[in-house]
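Colleague: This is the structure, below, for whatever I ask next.
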Amino acid sequence: DIPLTQSPSSLSASVGDRVTITCRASQGINNYLNWYQQKLGKAPKLLIYDASNLDAGVPSRFSGGGFGTYFTFTISSLQPEDVATYYCQNEGTFGPGTKVVVK
Amino acid sequence: QVQLVESGGGVVQPGRSLRLSCAASGFTFSNHGMDWVRQAPGKGLEWVAVISSVVSNDYYADSVKGRFTISRDNSKNTVYLQMNNLRAEDTAVYYCVRDRVPGRAIGTAPGAVFDYWGQGTLVTVSS
């Protein structure tokens, strides 16, 4: 398995802010990188698959990009309901998570 | 709609066994690989095991290899996780998860995507 690192580990932003999280792989993983949202006490939810594809029903303010070893996840306009921990994933490896809170 | 419902969690002593079940509905179960992912209290996500849709190949995280066994019954639309010789560090919420793309599962083909998750079942290993 290829280790994944995420940054930042946590962030605080205001409603309407643009928020970006990065995920790095220790070696190239093509576009095989997915993003999940986990709200407190709930199961994770798939948001982005294959680096940049929005899963069905996911709001368009969420987006992803990248290839190889560097990936980004962006919320274009942070909403109160986006408070959650976000994880990247490749095969059997998850990143450590990024906790997003609203100021 | 796709539903995954886990059961079988509980409190168990170290060294004992437990079997989790996951009942699936709303999709053609036999077409999809199925996984278990766990989350220790206050910690991140850890992939545990996968069973593929074709010929039911199974693969495991190193942390559970030799102790856990994943299996499936396509006639019952159910996936199982048999957990033996449980340790305190196995304490976690266990999620049943569907692989999004038939044929793309860990150990089978690259690009596993976990598109549906159950609500989770809590396993506590404690004396």
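The values are calculated or read from the model by the stated rules, or taken from the named source; none is laboratory data. Here the structure is a predicted model, which means the values were calculated and not measured. Virtual Cβ from ideal backbone geometry, glycine too; neighbours counted across all protein chains shown. Note: areas computed on protein heavy atoms with side chains; ligands, DNA, RNA excluded. Shrake-Rupley method; radii C 1.70, N 1.55, O 1.52, S 1.80 Å.
Colleague: Do you know which residues across region B:82-113 are at the interface with chain A (Cβ under 9 Å from one of its Cβ atoms), of a type in the set (G, A, S) and either open to solvent by 40 Å² or more (accessible area, probe 1.4 Å) or outside any loop (DSSP other than H, G, I, E, B) (or both)?
Modeller: Matches in region B:82-113: B:G107 only.
Here's the yes/no breakdown for (1) over 12 Å from the mean Cα position of the chain (by Cα); (2) within 20 Å of B:Q39 (Cα to Cα); (3) modelled with pLDDT under 95:
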position	(1), (2), (3)
A:Y32	yes, no, no
A:Y36	no, yes, no
A:K39	yes, yes, no
A:P44	no, yes, no
A:Y49	no, no, no
A:L54	no, no, no
A:R61	yes, no, no
A:G65	no, no, no
A:T69	yes, no, no
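Colleague: I'm checking my understanding of the structure. Among residues of region B:41-81 that are within 11 Å of another protein chain (Cβ to nearest Cβ) and touching a Pro at 6+ places or on another chain (Cβ under 7 Å), which one is surrounded by the most Cβ atoms within 10 Å (Cβ to Cβ)?
Modeller: B:L45
Colleague: Something else now. Give region A:51-86 a look and list any residue that's within 12 Å of chain B (Cβ to nearest Cβ) and over 26 Å from B:Y94 (Cβ atoms), or say none.
Modeller: Result: A:A51, A:N53.
Colleague: I'm told A:S26 meets every condition in (1) farther than 20 Å from A:V100 by Cβ; (2) within 14 Å of chain B (Cβ to nearest Cβ) except one. Can you identify the failing condition by its number?
Modeller: (2)
Colleague: While we're looking at this one, here's another question. With touching a residue at least 12 places away in the same chain (Cβ under 8 Å), part of a strand (DSSP E or B) and not small (G, A, S) as the only criterion, which of A:L40, A:L46, A:L78 stands out?
Modeller: When all the criteria are applied, what remains is A:L46.
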